[in-house]
Amino acid sequence: MRYTTLLALLVLPVLCGFQAEKPPAPALPVKDTTDETIKAYIDGKSLAPYAIPLHDSPKAGQYWETGSDSYEIESSTRRQVSRLDGDFALVEQRLKLSSEMFKSDYVIAFRVSLKPEKGKPQITRAWIGKPGEKPKLIKVREMPVQPAETPREDKDEGEEFKDLELAGATWKGRLYTHEFDDMTTKLWVAEGGYFDAIIKTTAGDDYIEDLRAFGSDAEPLLQWPEGAAWQTVGDENPAGD
């Protein structure tokens with residue numbers, strides 16, 4: 001009897017300890033903000049830019065994708081030349097974000113003038129949509145009036161870099177360093193790169209974004225009609241021009 005009582009006294013706290021353990025709390029659902037973002041553009045609360053960086057002699061199929069895993073957020077930006085038609089290019093930009101709490105995935109597309117008139121916007125029409133779906137016309141931000149004469153500023157020539165391996169290639173170019181308060185930002189701009197040609201960006205000690213993929217065989221990200229008809233998509237619902 002004493003042995004049984006002693007055993008119970010030894011085992012009971014252990015059992016109580018197991019019972020006291022609570023199951024892990026269920027993970028909160030990940031909020032998808034894609035539809036909200038698209039709606040904000042369609043409603044005119046968000047506007048497409050009137051200009052984007054574009055490399056010389058763009059060709060259909062060229063793509064340039066950068067990404068970051070900083071701050072526990074996975075993000076990527078893919079820009080590509082999807083169509084060329086006369087003096088206009090169709091440039092698509094896919095933006096993806098993913099974290100423990102939220103995610104987003106949408107495409108903004110631009111009709112870019114390859115020979116813009118002085119004082120006129122480079123982007124003359126824009127659209128938005130989910131990858132693989134039809135584009136919807138959105139408004140383009142108005143271009144501010146440019147001053148007659150712009151004060152000349154000393155150009156930052158940066159410093160040379162070479163033998164930087166990213167996305168399966170070796171790059172050379174110029175490294176630009178900027179000081180903002182207590183943060184140092186660095187940009188590696190590569191020779192022969194597409195769009196802004198930035199292959200690596202760092203901000204302080206915690207943020208890094210670098211080139212993940214590039215090439216010349218990209219297919220359109222949204223559903224576009226054949227031929228030059230892509231330029232008139234949205235005429236039935238003129239939100240942009």
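The values are calculated or read from the model by the stated rules, or taken from the named source; none is laboratory data. If you're wondering where the values come from, they're calculated on a predicted model, not measured in any experiment. Note that each Cβ is placed from the backbone with ideal geometry, even for glycine, and that neighbours are counted across all protein chains shown.
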Among the listed residues D210, D182, D205, which satisfies the condition of being in contact (Cβ under 8 Å) with a residue 24 or more places away in the chain and among the charged types (D, E, K, R)?
D210
Scan segment 1-60 for residues that are modelled with pLDDT of 65 or more and part of a helix (DSSP H, G or I) and report the count.
9
Among the numbered criteria (1) surrounded by fewer than 16 Cβ atoms within 10 Å (Cβ to Cβ); (2) part of a loop (DSSP other than H, G, I, E, B); (3) at pLDDT below 95; (4) not aliphatic (A, V, I, L, M), which single criterion is violated by H178?
(2)
Restricting to segment 112-132, name every residue that is within 18 Å of the chain's Cα centre (by Cα) and either part of a loop (DSSP other than H, G, I, E, B) or not hydrophobic (A, V, I, L, M, F, W, C) (or both).
G129, K130, P131, G132
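Would you confirm whether any residue within segment 202-216 is in contact with a helix residue (DSSP H, G or I) (Cβ under 7 Å, 6 or more places away or on another chain), surrounded by fewer than 19 Cβ atoms within 10 Å (Cβ to Cβ) and either hydrophobic (A, V, I, L, M, F, W, C) or over 16 Å from T77 (Cβ atoms) (or both)?
Scanning segment 202-216 turns up at least one residue that is in contact with a helix residue (DSSP H, G or I) (Cβ under 7 Å, 6 or more places away or on another chain), surrounded by fewer than 19 Cβ atoms within 10 Å (Cβ to Cβ) and either hydrophobic (A, V, I, L, M, F, W, C) or over 16 Å from T77 (Cβ atoms) (or both).
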Please work out which residue is modelled with the highest pLDDT, limiting yourself to segment 213-237 and to residues that are touching a strand residue (DSSP E or B) at 6+ places or on another chain (Cβ under 7 Å) and over 18 Å from V107 (Cα atoms).
G215
The residue that is surrounded by the most Cβ atoms within 10 Å (Cβ to Cβ), considering only those in segment 51-94 that are more than 24 Å from T202 (Cα to Cα) and without any contact (Cβ under 8 Å) to a residue 24 or more places away in the chain, is S57
I'd like to know if segment 136-145 contains one or more residues that are of a type outside the set (A, V, I, L, M, F, W, C), without any contact (Cβ under 8 Å) to a residue 12 or more places away in the chain and either more than 21 Å from S216 (Cβ to Cβ) or assigned to a strand (DSSP E or B) (or both).
yes
